[in-house]
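This report refers to the structure that appears directly beneath it.
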Amino acid sequence: MSEKIEMPQAHKTALLGFVLVAEAAGAAASLVTRPAIESWFPLLLKPSFQPPGWLFAPVWVALYALMAWAAWRVWRVRGLKSPPIILYAIQLALNCAWSFVFFGGHRIGLALIEIAILFVLVIATAAVFWRNDRWAGALMLPYIAWLGYATALNGAIFQLNGGTF
């Protein structure tokens, strides 16, 4: 007979908070992404490995949920104002900012620089998470993989469309 372990209500509430904050970052980014996808983005040349547009939203929803779960796991060990959570918050803000640079500002080259910095910060976040909670570090791996792919897409779009900053 197995015993059910109940999570404290405060931990449930905190997990919900982490998920809502992460998904809100994605929702904020979509404010500039959606209009650009309908107007500016179709005019750009894209690489052959550009995925279909419908794929992005579900992938990002899942990735935001995974990174929120990872951050919550580290929060339980280190607390909210700890260096790993601060690093997480910085990368989450940069993640959101990328859409404003790329889709909102139409600055493909600047977005490429920004996403490269973001990629490094996400790897650093995953490494710090791993040292505090291995599951948290592992939960960041799909985000790293997708971000590497997104960086390659940004770079190819930059190159195909004149390569100016």
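The values are calculated or read from the model by the stated rules, or taken from the named source; none is laboratory data. Note that the structure is predicted; figures quoted are calculated from it, not measured. Please note: Cβ atoms are built from the backbone with ideal geometry, for glycine as well, and neighbour counts cover all protein chains shown. The protein model used for the area step is the full one, side chains on, heavy atoms only, and it has no ligands, DNA or RNA in it. Shrake-Rupley method; radii C 1.70, N 1.55, O 1.52, S 1.80 Å.
Couplings for the range 127-136, taken from phi via the Karplus curve 6.51 cos²θ - 1.76 cosθ + 1.60 with θ = phi - 60°, read 5, 5, 4, 4, 5, 9, 6, 4, 4, 4 Hz in order; Gly and Pro are left as x. Against the longest principal axis of the chain, how steep is helix 141-160, in degrees 0 to 90 to the nearest 10, with axes from Cα atoms? Around 10 degrees separate the two axes.
Segment L45..S82, full-extension length gain: 9.1 nm, with 0.36 nm per residue of separation and the alpha-carbon distance subtracted. Computed from Cα positions, the angle between helix 83-99 and the longest principal axis of the chain comes to roughly 30 degrees.
With the convex hull of its Cα atoms as the shape, the chain has an orientation-averaged projected area of 11.0 nm².
Here the 3J(HN,Hα) profile of the range 42-57, calculated from phi with Karplus coefficients 6.51, -1.76 and 1.60 at θ = phi - 60°, is x, 7, 7, 6, 10, x, 5, 8, 5, x, x, x, 5, 6, 5, 4 Hz, Gly and Pro shown as x. When trypsin sites (Lys or Arg not before Pro) are flagged only if DSSP places them in a loop and at most 10 other Cβ atoms lie within 10 Å, the longest unflagged stretch of the chain comes out as 82-165. The length gained by stretching the chain between V21 and R34 to full extension, at 0.36 nm per residue less their Cα-Cα distance, is 2.7 nm. Simple rule: put +1 on each Lys or Arg Cβ and -1 on each Asp or Glu Cβ in the chain, find the dipole, and look at P51, L63, I37; the Cα lying farthest toward the positive end is L63.
Averaging the sequence gap over all C-alpha pairs within less than 8 Å and six or more residues apart, then dividing by the number of residues, gives the chain a relative contact order of 30 percent. The longest part of the chain holding none of the exposed loop GluC sites (Glu not before Pro), meaning those outside H, G, I, E and B in DSSP with at most 11 other Cβ atoms within 10 Å, is 7-165. Accessible area per residue for the chain, computed on protein heavy atoms with a 1.4 Å probe, is 55 Å².
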